[in-house]
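Read the structure below first, then the notes.
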Amino acid sequence: MSATDLSPVTSADAVTAPGVLRRMMSGAAGRNIGLVIALGLLCVFGVVTAGERFASIDNLMTILRLAAVIGVLSVGMTFVITGGGIDLSVGSVLGLASVWATTLATQTMAENLHWSVMVFTALAVGAGAGLVNGVLIAYGKVVAFIATLAMMVAARGLAEMIANRQTQIVHVDTFLDVFRAELLGVSVLVWIFAAVAVVGWVLLNRTTFGRRTLAVGGNPEAARLAGINVERHTVYLYVLAGVAAGIAAVMMLARTTAGSSTHGQLYELDAIAAVVVGGTLLAGGRGTIVGTVFGVLIFSTLTNVFTQNNLSISAQAVAKGVIIVAAVLLQQRLAARTRST
Amino acid sequence: MVDGVQSEGCPGAGPTVPSDVLLHMHGIVKHFPGAKALDGVDLEVVAGEVHCLLGQNGAGKSTLIKVLSGAHQPDSGSIEFEGRALSVPNPVAALRAGVATMYQELDVVDGLSVAENVFLGHEITRGGFTRRRELLGRTAELLARLGHPGISPTTEVGRLSAAEQQIVSMARALSHRARVIIMDEPSAVLDSEEVANLFRVVRELTGQGVAVVYISHRLEEIRQVGDRITVLKDGRTVAAGLPASTPTRDLIRLMTGRTVEHAFPRRAGVPADAEVLLRVDGLGLAGRFEGVSFSVRAGEVVGLAGLVGSGRSEILETIVGARRATAGTVEVAGRRLRPGSVSAAVAAGAGLAPEERKRQGLLLDEPLYRNITLSSFARFARAGFLDERAERGAARQQLLATDLRPADPDRTARTFSGGNQQKAMLARWLEHGCRVLLLDEPTRGVDVGARAEIYGLVRRLAERGAAVVIVSSEIDEVLGLADTVLVISEGRVVHTGPAELIDEHAVLDLVMEGSAA
């Protein structure tokens, strides 16, 4: 599915070759077409109801900034889910990493040495939490849902202990200068999201790591008998999701200029929703980074459109729920159809 | 060929059905894609008898009982039950009619109590509430009737022994007021004392007018508990209603002697100085098999014959490290393998094509070429980046080498037939460069034409210097393909020798009677 993910669909194809169109609609490209249409409809709705306020460069940047943090988490989540797992802990790990990177000790060291100390701290915390998840799941044979649920609770608690439930203001100016800057008129945070997505796409579709992920998620028994070290690869997948949470923590620090044990609450659910809506199979074995990016954009555009129209957060939640169910129903239909042909 | 036997032991055959005939299945045909599982089976069961169903693996026993229990729909044929035409569109209909099935894998729910299991799906309720006391009372009655008043209806089923779980399963069958109970290899999980008790229960049931359809591979059991025998072969009834005292030799003759003779390629003969590629020494897996030793030279095909559950598949899986051996060693080309590591075995050049290709072997929704390169794709990568064009090219070469059709590397694995999926598994290990090939049931679900091709392929691989170990339930396949045969019975090797010096009857005799040659 890697190649078809990005294959161009011209309108000529659609008009002259219904057979080709049908095949594309039932394939991976078809799912992405559905996502493009959904995003398009949302934008039309936004323009109609909010006009200039919605259709402006400023607002576009707002949407992208909103999408960036969840987006990075979602790319990591795409790997875990494609590999047949689930990671409920990424939101808490984000919070823990944000706190650990902003302790007095870390910030002092960052001021004396380099701002990157804070980045490394956040990434190391993320990787460490992912390592614990991965080892518990791959070698301890704990069900992924339970192991990461435990990590979700424990990481949040640890973050509260370290921060003593207080917000930790970032006072390393060099750090803020770097991450709150803009490049070509676009926030650094959005660039980071873009970079993570591109690296994720290449990793999933063009490398042996991606191939192993598909194999481990698609049929772990077959992968094992083919000589793939399923346990080790599973650990890598959770470490990767943890590192993504660490990157997201850095972005969160930049956006809010503070570390807090409440950062990232329920983000894991937003990330899972974006991944599933994007077309990655929750059962594993099939994943799409492009779809995930669309999923993230759909949700952040939805939030933006609803906010522009002064609709309540509760109404947003209802709409999100409907979208998730619709996407999964569609996914099952498509899966059933590819199976029967 | 078998006409004589058929007429002699078939009291109830004919257009008029005697009143004591409880169940009459006639001309049952069932096709599966690419294979005819049942090709006109007749079965007649009389009230109060134990009717044994005998046949080799693949003869159609399982399909037949699945038709009777409503799990499969026959393509043609009729079922009469208690003198009336019976249709069983689903398992519930079968239970309602009075036909209950005890499957080989016990179908009890571990977390529920004995009583809850017995009345699962037809709980005694009033207004939506279960009537607990009545439930427990009725269960206790059934258990007493089965001669096991000692089992408490409130015990969690997961805590019971396999034999006791079987009693629960039987109580469930009785709770449906079943007139016919089908037992699929009920003795497989039991020790001899428990088997004796099972027989006592079976006798009590038949004494009450219940008919039991009993499936077993153990002839001695059939002699002890059976009344009459129906023999199936290649999806047909070859003998109906034989007395249980029919001599072993006759039964085995009926079960073998196929109508379809497979063409096996000629053996080339293994030079005595050929390198030993696989050496298995004293290999054991606690509770499954023990003391398995053999070696395979380059160019040699070794066949493991034995019944399902005799430990054959486990031996292959242990050799390749998918199960961790509790005793013994495995050497591939002189290098000792790390136990319990498939990666190590694959790196050393040993590969397993597993019994259940779809579940254990293939990525069904991935294109064929990725299935073929699953154990070698790293070779097509530079610094981790895959060169898919080179990968596809290599896969295409293997498609040609194995004559896999259609030779389209981009089609998903799911869309290929069983025979071609099996060729894909062989192609995977060819591409990997394996010199030790372990093939578990390589022709299961493969049609006749493709079988011959796979046999030829296995032979060619051997001639090019591979060491092949093949496991098959079809004894003629093992004998026809292998140079050396090991007969496995209940986790032990009971015979080792050249394939030319043993025939199908002798092998069946070894595995069914368990006697040493």
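The values are calculated or read from the model by the stated rules, or taken from the named source; none is laboratory data. Here the structure is a predicted model, which means the values were calculated and not measured. In this analysis, Cβ positions are derived from the backbone assuming ideal geometry, glycine residues included, and neighbour counts consider all displayed protein chains. Remember, those area values only see protein heavy atoms, side chains included, never the ligands or the DNA or RNA. Shrake-Rupley method; radii C 1.70, N 1.55, O 1.52, S 1.80 Å.
Before moving on, here are some points about what is shown:
- Measuring nothing but alpha carbons in the range B:108-177 and taking Rh as the Kirkwood radius, the Rg to Rh ratio lands at 0.94.
- Radius of gyration and maximum dimension Dmax of chain B, Cα, Å: 25.1, 79
- Cα-based helix-to-principal-axis angle, B:132-145 vs chain B, degrees rounded to 10: 80 degrees
- Contact residues in the range B:368-382 (at least 30 Å² less accessible area with all protein chains than alone, 1.4 Å probe): B:Arg370, B:Leu374, B:Phe377.
- Given 12 as the ceiling on other Cβ atoms within 10 Å, longest exposed-site-free region of chain A for trypsin sites (Lys or Arg not before Pro) in DSSP loops: A:166-341
- Centroid-to-centroid separation of the range A:94-167 and the range A:265-293 [C-alpha atoms, Å]: 23 Å
- A:Ile162/B:Glu356 FRET efficiency (R0 51 Å; Cβ-Cβ; nearest 0.05): 0.55
- Chain B, relative contact order in percent, only Cα pairs under 8 angstrom and at least six apart counted: 15 percent
- The convex hull defined by the C-alpha atoms of the protein assembly as shown has an orientation-averaged projected area of 43.8 nm².
- Potential lengthening of the chain between A:Ala124 and A:Arg53 amounts to 21.5 nm, from the contour at 0.36 nm per residue minus the alpha-carbon distance.
- With each label modelled as a point 7 angstrom along the Cα→C-beta vector, the B:Asp75-A:Leu39 pair spans 5.0 nm.
- Carbon + sulfur, % of accessible area of the protein assembly as shown - ligands and nucleic acids excluded, 1.4 Å: 57 percent
- Across the range B:276-513, C-alpha contacts under 8 Å between residues 6 or more apart give a mean separation that, scaled by the residue count, equals a relative contact order of 28 percent.
- Area buried, chain A against chain B - accessible surface, total, 1.4 angstrom probe, square angstrom: 2300 Å²
- Here is how the number arises for chain A: DSSP H runs of 4 or more residues each give -39500 (n - 2.57), the sum is divided by the residue count, and the result at 222 nm is -25000 deg cm²/dmol.
- Pairwise Cα distances in the range B:276-513 exceed 30 Å in 22 percent of cases.
- Site pair B:Asp107 and B:Arg464 shows an inter-label distance of 4.5 nm when each label is modelled 7 Å from Cα along Cα→Cβ.
- Surrounding net charge for B:Ala395, when Lys and Arg each add one and Asp and Glu each subtract one, Cβ distance under 15 Å: +2
- On Cα atoms only, tilt of B:448-463 relative to the major axis of chain B in degrees: 40 degrees
- Among the GluC sites (Glu not before Pro) within the range B:318-406, those in coil by DSSP and having at most 15 neighbouring Cβ atoms inside 10 Å are B:Glu356.
- With a 10 Å cut-off around each Cβ of A:224-236, the average count of Cβ atoms from other chains is 6.
- Computed [θ] at 222 nm, helices only, for chain B once each DSSP H run of length n ≥ 4 contributes -39500 (n - 2.57): -9500 deg cm²/dmol
- Within the range B:214-298, the trypsin sites (Lys or Arg not before Pro) that combine a DSSP coil assignment with at most 15 other C-beta atoms in a 10 angstrom radius are B:Arg258, B:Arg266.
- Length-normalised contact order of the range B:43-190 in % [C-alpha pairs under 8 Å, at least 6 apart]: 28 percent
- Per-pair calculated FRET efficiency, R0 = 35 Å: B:Ala390 and B:Ser417 via Cβ, rounded to 0.05: 0.80
- Charges were assigned to the Cβ only: +1 to each Lys and Arg, -1 to each Asp and Glu. The resulting dipole of the protein assembly as shown about its Cα centre is roughly 1880 debye.
- Among A:Val296, A:Val142, A:Val125, the largest mean-square fluctuation in a Gaussian network model of chain A (Cα springs under 10 Å) belongs to A:Val142.
- Among the lysines of the protein assembly as shown, pairs at least eight places apart or on separate chains and with Cα atoms under 20 Å apart come to 9.
- Residues B:Arg159 and A:Leu176, FRET efficiency given R0 of 60 Å [Cβ-Cβ distance, rounded to 0.05]: 0.45
- Kyte-Doolittle at least 0.5, axis length at least 30 Å by Cα - qualifying DSSP helices, chain A: A:28-50, A:57-82, A:116-138, A:230-256, A:313-340
- Average other protein chain Cβ within 10 Å of Cβ, residues B:421-428: 1
- For chain A, a Gaussian network of Cα nodes joined below 10 Å ranks A:Ala283, A:Ala271, A:Ala159 by mean-square fluctuation, and the top entry is A:Ala283.
- Stretching B:Ala268 away from B:Ser192 to a fully extended chain increases their span by 22.9 nm, per 0.36 nm per residue minus the current alpha-carbon distance.
- Net charge, B:Ser295 excluded, C-beta distance under 10 Å - Lys, Arg +1, Asp, Glu -1: -1
- Peptide-level mean, for B:92-100, of C-beta atoms on other protein chains within 10 Å: 0
- Gyration tensor (alpha-carbon) shape descriptor, the range A:29-340, a/c threshold 1.5: oblate
- Comparing A:Thr167, A:Thr103, A:Thr208 in a Gaussian network model of chain A where C-alpha atoms under 10 Å apart are linked, the largest mean-square fluctuation is found at A:Thr208.
- Taken per residue, the accessible surface of the range B:254-333 reaches 42 Å², heavy atoms only and a 1.4 Å probe.
- The range B:403-498: GluC sites (Glu not before Pro) in DSSP loop, at most 10 other beta carbons within 10 Å: none
- Electrostatic bookkeeping for B:Val21 treats Lys and Arg as +1 and Asp and Glu as -1; over the other residues with beta carbon under 13 Å from its beta carbon, the sum is -3.
- Summarising the label geometry, the points placed 7 Å from Cα in the beta-carbon direction at B:Arg382 and B:Asp250 lie 7.4 nm from one another.
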